[in-house]
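Asks: Here's a structure for you.
The values are calculated or read from the model by the stated rules, or taken from the named source; none is laboratory data. Since this is a predicted model, take the numbers as computed values, not measurements. Glycine also receives a Cβ, built like all others from the backbone with ideal geometry; neighbour counts cover every protein chain displayed. We work out accessible area using only protein heavy atoms, side chains counted, and drop any ligands, DNA or RNA first. Shrake-Rupley method; radii C 1.70, N 1.55, O 1.52, S 1.80 Å.
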Amino acid sequence: MSHRTLAASGLVAGYPGTAPVLDGAAVRIPPNRRLALLGANGSGKTTLLRCLSGALRPVAGAVTVDGEPLTHTRRGLRAHRQVVQLVLQDPDDQLFSASVGQDVSFGPLNLGLDESAVRARVAEALDLLGVDHLAARPTHQLSYGERKRVAIAGAVAMRPCLLLLDEPTAGLDPTAVADTLAALARLQEHDSTVVMSTHDVDLALRWADEVAVVVDRAVVQGPPEEILGNTRLLRRARLDRPWVLTVGARLRELGLLAPGALPRDTDRLLAALPEAPAVRS
């Protein structure tokens, strides 16, 4: 894995017989960053991810890696998919082999790697996603959260520089969400750039280094606290303001929080509050 910059500019994309879903959209994903992609249902998040991965060819605009444009030829797409991997929202759209190990090995085998190299990649990917104990398990016997992480492991086994994850925490209980986020943290420690689409503004605020909101067929990108603190933008995008920013702003009005950037998660918000005065007996 290495550090690459994925970007798109002037994207116009959609589907036959409909108006464009994206019209002039632009986004830049720097190396080794965590970017949360937000937007209402139907706003174009998945369309943007498909364009970035090469799965959908835009009508206009360009997708680039380190400034080099993606070409939609067999050779160009093959090279692009060794750099960028997309994991779909529904893991059952990607899992098809009899066992976990066989499924995760599919991509490396198609690269023409020898058996020992494939085994090494599979073991590495399963370990990073915390599912190495499932290697021999039939895929149909996995829980929904396990299937999601195995689908990500299949992409990780390709050793891409960038992982595009479409709603990786959707439908998961809190424990499974925590397991998935821990796995994503391990990926970033191994120099992967992770892009995650989500509807969860609180998760985006505490997890992401940058946020991109798909709204009005374009993309607005910037720091999480700036983008998710922009009430007008959130209203346009049909998104809620993160709970911790709403509560933090009110606590500041009451003089209970010092001036400066608001905390981005509950733990930091609680830590920033003044201690209760000691009660004299």
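Asks: For the range 124-218, list the helices (runs of 4 or more DSSP H) that sit wholly inside it and hold at least 3 residues that are under 27 Å from HIS80 (Cβ atoms) and either touching an Asp or Glu at 6+ places or on another chain (Cβ under 8 Å) or of a type outside the set (Gly, Ala, Ser) (or both); which are they?
Replies: Working: elements: 144-156, 174-189, 201-207.
Per the criteria, 144-156, 174-189.
Asks: Next up: Within the set of pairs 6 or more residues apart or between chains, which connect a residue that is in contact (Cβ under 8 Å) with a residue 40 or more places away in the chain and surrounded by 17 or more Cβ atoms within 10 Å (Cβ to Cβ) inside the range 102-114 to a residue that is outside any helix (DSSP H, G or I) and not polar (S, T, N, Q) with Cβ atoms less than 6 Å apart?
Replies: ASP103/LEU95; VAL104/ALA157; GLY107/ALA157; GLY107/MET158; PRO108/ALA157
Asks: Also: Please specify each residue of the range 239-262 satisfying the condition of being touching a residue at least 24 places away in the same chain (Cβ under 8 Å) and exposed (fewer than 13 other Cβ atoms within 10 Å of the Cβ).
Replies: Across the range 239-262, the qualifying residue is only ALA261.
Asks: Is it the case that the range 198-206 has a residue that's more than 13 Å from the chain's Cα centre (by Cα) and free of Cβ contacts under 8 Å to residues at least 12 places away in the same chain?
Replies: No - not one qualifying residue is present in the range 198-206.
Asks: Of the numbered conditions (1) out of contact with any Leu (no Cβ under 7 Å at 6 or more places or on another chain); (2) outside any strand (DSSP E or B); (3) open to solvent by less than 60 Å² (accessible area, probe 1.4 Å); (4) not polar (S, T, N, Q), PHE96 fails exactly one; give the number of that condition.
Replies: (3)
To keep it simple, each residue is scored yes or no on (1) open to solvent by 20 Å² or more (accessible area, probe 1.4 Å); (2) closer than 29 Å to VAL150 by Cα.
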{"residue": "VAL194", "(1), (2)": "no, yes"}
{"residue": "VAL201", "(1), (2)": "no, yes"}
{"residue": "ASP209", "(1), (2)": "yes, yes"}
{"residue": "ASP216", "(1), (2)": "yes, no"}
{"residue": "GLN221", "(1), (2)": "yes, no"}
{"residue": "ARG236", "(1), (2)": "yes, no"}
{"residue": "ARG264", "(1), (2)": "yes, no"}
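Asks: Hey, which of the strands (runs of 3 or more DSSP E) in the range 1-71, taking only ones fully inside, have at least 2 residues that are of a type outside the set (Val, Ile, Thr), open to solvent by 20 Å² or more (accessible area, probe 1.4 Å) and more than 23 Å from THR193 (Cα to Cα)? Reasoning before the result, please.
Replies: On the way: elements: 6-13, 22-29, 34-38, 60-65.
It comes to 22-29.
Asks: Checking the conditions here, which among VAL84, VAL118 is open to solvent by less than 70 Å² (accessible area, probe 1.4 Å), in contact with a Lys or Arg (Cβ under 9 Å, 6 or more places away or on another chain) and at pLDDT 90 or above? Talk me through it step by step, then tell me what you get.
Replies: Values: VAL118 fails: in contact with a Lys or Arg (Cβ under 9 Å, 6 or more places away or on another chain).
Answer to the selection: VAL84.
Asks: Which pairs do you get when a residue that is acidic (Asp, Glu), found in the range 10-29, comes within reach of a residue that is at pLDDT 95 or above and crowded, with 18+ Cβ neighbours inside 10 Å, reach meaning Cβ atoms under 6 angstrom, with the pair 6+ apart or on two chains?
Replies: From residues that are acidic (Asp, Glu), the pairs are ASP23/ARG217.
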